[in-house]
Amino acid sequence: MRGERDSARRLWRLHTKTSIEHGIPVVFVEGRLGHDAAAELERTLESSSNGVSNLVVDLSGVDYLSGAALRVFKSISDRRSENGGGLRLRAPSEAARFALELSGLLELIE
């Protein structure tokens, strides 16, 4: 049983990589953004921007978006908009695009 749990945790693990493109942080996200990964995602996105008002998140490697992850995107988008910046979601996978559409967050896609 423990082996199955460890295997499931690895499967649902969040992987991120950050780069800078034209002065804007771009966070590449890979994996399944379930409930447990949402807090880690929020910390990663906040720390990746380091005072820069705009942020891009590449979702091409994401195969699942939970409601908690969608709330993170909405919350960060709202906070950045209040400060004159923004959050843009780039290249969502088919599954990510479907979740964004259902949640009404398609306007965040660049």
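Cβ-Cβ contacts under 9 Å between residues 6 or more apart (or on different chains), taken from a first residue in segment 77-92 that is farther than 14 Å from residue 49 by Cβ to a second residue that is of a type in the set (D, E, K, R), are listed as 89/58; 89/110; 90/58; 90/110; 91/58; 91/110; 92/58. Consider segment 78-94 and keep the residues that are modelled with pLDDT under 95 and small (Gly, Ala, Ser). The one that is farthest from the chain's Cα centre (by Cα) is 84.
The values are calculated or read from the model by the stated rules, or taken from the named source; none is laboratory data. This structure is a prediction, so every number in the text was calculated from the model and none was measured. Note: ideal-geometry Cβ built from the backbone for every residue, glycine included; neighbour counts use all protein chains shown.
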